[in-house]
């Protein structure tokens, strides 16, 4: 996503060293660990200037082969419970991170046939 703008910046400013560090750690900008940081977060760290670059979105997907093997279309949220739901454990324990539990809780408000025990 950020590849093209970063590449353009590096080409346009060859005298400025560019190092990309992928980490979940919060780099200490004041100590000189980095001059600029691009963070994936909903809330910026206190005491730092922040500018939103982009927003993400999450949605459920299903393999066409898995869907075809059942022979029935997914027409409502409750239909997802016929399939295995792949979970992801967010390392930073963000309480707002997208999870099946959160998605299904929201979906229950529009599809009362969702049974909490089956999710």
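Projected onto its three principal axes, the C-alpha set of region 1-57 covers 33, 32, 19 Å, listed from the longest axis down. So what is the relative contact order of the chain, in percent, for Cα pairs below 8 Å that sit 6 or more residues apart? Averaging sequence separation for qualifying contacts and normalising by length gives 16 percent for the chain.
Once Rg and the Kirkwood radius are both taken over the C-alpha atoms of region 64-118, their ratio Rg/Rh works out to 1.02. The sum of -39500 (n - 2.57) across all DSSP H runs of n ≥ 4, divided by the residue count of the chain, sets its helix-only mean residue ellipticity at 222 nm to -6000 deg cm²/dmol. Grouping the Cα pair distances of the chain into 5 Å bins from zero gives a pair-distance distribution of 2, 7, 14, 14, 14, 10, 9, 10, 8, 6, 4, 1, 0 percent in increasing distance order. Roughly what angle does helix 3-12 make with the longest principal axis of the chain, taking Cα atoms, 0 to 90 degrees, to the nearest 10? On a 0 to 90 degree scale, this one is about 10.
Going from the residue with the fewest nearby Cβ atoms within 10 Å to the one with the most, 54, 62 rank 54, 62. Taking label points 7 Å from Cα along the Cα-to-Cβ direction, residue 4 and residue 82 give a separation of 4.0 nm.
Values in this text are rule-based calculations from the coordinates and carry no lab data. This structure is a prediction, so every number in the text was calculated from the model and none was measured. Every residue, glycine among them, receives a Cβ derived from its backbone with ideal geometry; neighbour counts consider all protein chains shown.
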